[in-house]
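Read through the structure below, which is laid out as structure tokens, and then see the notes.
Read the figures in this text as sums done on the coordinates, not as results from a lab. Just so you know, these numbers come straight off a predicted model, no measurement behind them. Here Cβ is always computed from backbone atoms with ideal geometry, including for glycine, and neighbour counts include all displayed protein chains.
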Amino acid sequence: MQLSSMLANRSGAKRRVRTCIFLCFAFVAAVGRLLGQTISGRVYDSVAKAPLFGATVQLVPAKLGSMPPMQATTDSGGKYTLNGVPAGSYVLGFYHGVLDSIGIEPPFVRIDVGGTDKPASLRVDLGVPGAARIIAATCGPSSDAKNAPGLVVGRLYDAVSQAAVHAGTVVAEWQRVGLVNGTIVVSRPQLVATTSADGWFAFCGVPRDDDVTMEAIRGGDTTGAVTVRVPAGGLAHRALYIDKTEVLTVGIRDSLGVVDTTRGTEVVHRGHARLTGTVVDANNGRPLAGANVAISGAGLSQATNDRGTFSVSGVPGGTQTVLIRAVGYAPERRTVDLLGDQPLTLDVRLTTLRKMLDTMRVTASRLFSRDVNGFERRRRAGFGTFFDSADVERYHPFETTRLVERASGVRVYGSGMNQRIFMGAITPCEASIFIDGVTYPDFTAADLNMMVSPEEIVGLEVYTSAASAPVQYKSVSAFSRNGRNCGSVVIWTKRSR
């Protein structure tokens, strides 16, 4: 009995020793983990010139499999922290949706942690490469990187599956104005790109600090024509989504939804997406009843109800352009991505025309002059119809469009805010509007009447065809609502003096 009791006590003592040894090793390992280095820093988006929120920072051991990766997510200030990093060699990097949209690989750095000569904490800042580096890597180096052309990159995705679209076509176009032998020449350069296996596309050589219009095509399907602003830094990126659409030929309808046989037919794209939303006054938040919401290229529009809400069905999916307008307000153009079966809700705040004019007013010594702007010279050339302040006094039009209609071949169709200026008898097209030298591509006749009263007019030029219009006063884009180059209405006001 004594022998067995002694053996039992000895066995229990061994178990306690083993348990103590195990706990000691576990404690040492935990302390080593807690006493490991802290790696912190900030992730910065050099393209947007702002901290990168929501980036996933990941620390991976150089010897794969030696330990699981550690990761952290950046806060609103782009900051991240990784605590208790054991000694060793690592690769530190991050990934974010912006990298995918630009089409560059996630950047990373190699770091060593631990050692007697290493500090207890380590700061490592990461960032999206600057625009100049991305442009040089994509388009090739330039001797003058600051003044080199810009770059637009992006990816094309299927709107339903959101999978990358391979071998899709993306078209980019912009306006270029130059002076050749003392004559203003307007051209519309166009670039075409084919998407790679991961849907990536790039356009080198686009202008900086300017707008580029893009449209994607996949077989018989197409996105809407969207406008991308290329910043002065030179790099812009935009993901495009494309969906299956049905191509229809329909009669052009007036503002009451009735087919207007005098305006012919148009080819439109329809789909199964739905767009809902609310339109309010930007100044006081008051819902705007009767505001018109139209989807470009679809022949679909709807007026908001008394609560300022709307719901449009049959909209083509993918990336589309929506135009919102109301009487007395500046029209607004929105680019939307309609994905899958879920309706998209759009909240719009419209600014009054008068407030927009106050914001845009430019002070100059003398902007309008018949000599400087060539009003008399163009009148003597005889390619358009011209009116001056004396004609305004003679005809006493109560609306600006009444004076425009005095030109042969010009008619105003529709009613209310959907009035539009059309030119040509056989194939009418919608006129482009220029006020004091500035183009307003989304303006209707109603917008024109709200913005310019007849007594403000000091000069009016009407060109009923693209051939007769001066190059600086032609339609801006082949993707514009005209579908082809049409004539122009050019107005000079007393405000420009």
Discussion item. How would segment 36-128 be classified by its alpha-carbon gyration tensor: rounded, prolate or oblate, with rounded meaning a/c under 1.5 and the a/b versus b/c comparison settling the rest?
Written reply: prolate
Item to complete: Compute the Cα gyration tensor for segment 246-354, then decide on rounded, prolate or oblate, letting a ≥ b ≥ c be the square roots of its eigenvalues: rounded whenever a/c is under 1.5, prolate when a/b is larger than b/c in the other cases, and oblate in all that remain.
Response: oblate
Worksheet item: Residue separation times 0.36 nm, minus the C-alpha to C-alpha distance between K49 and D100: what's the value?
Response: 16.6 nm
Worksheet item: By how many nm would the segment from D347 to T309 grow when fully extended, if each residue of separation counts as 0.36 nm and the alpha-carbon distance is taken off?
Response: 12.8 nm
Worksheet item: With each label point set 7 Å from Cα along the Cα-Cβ vector, what nm distance links S453 and R333?
Response: 3.0 nm
Discussion item. Given a Förster distance of 60 Å, report the FRET efficiency between R110 and T194 from their Cβ-Cβ distance, rounded to the nearest 0.05.
Written reply: 0.95
Worksheet entry | Sparse-neighbourhood loop sites, chymotrypsin sites (Phe, Trp or Tyr not before Pro) in segment 76-148 - DSSP loop, at most 15 other Cβ within 10 angstrom | none
Item to complete: Report the FRET efficiency, 1/(1 + (r/R0)^6), for K79 and A239, where r is their Cβ-Cβ distance and R0 is 35 Å, rounded to 0.05.
Response: 0.85
Discussion item. Run the numbers for T227 and S389: contour at 0.36 nm per residue of separation, minus the present Cα-Cα distance, in nm.
Written reply: 54.7 nm
Worksheet, complete the sentence: The size of the Cβ-based charge dipole (Lys, Arg +1; Asp, Glu -1) of segment 36-128 about the Cα centre, to the nearest 20 debye, is 160 debye
Fill in: Shape call, segment 144-242: gyration tensor on alpha carbons, a/c limit 1.5
prolate
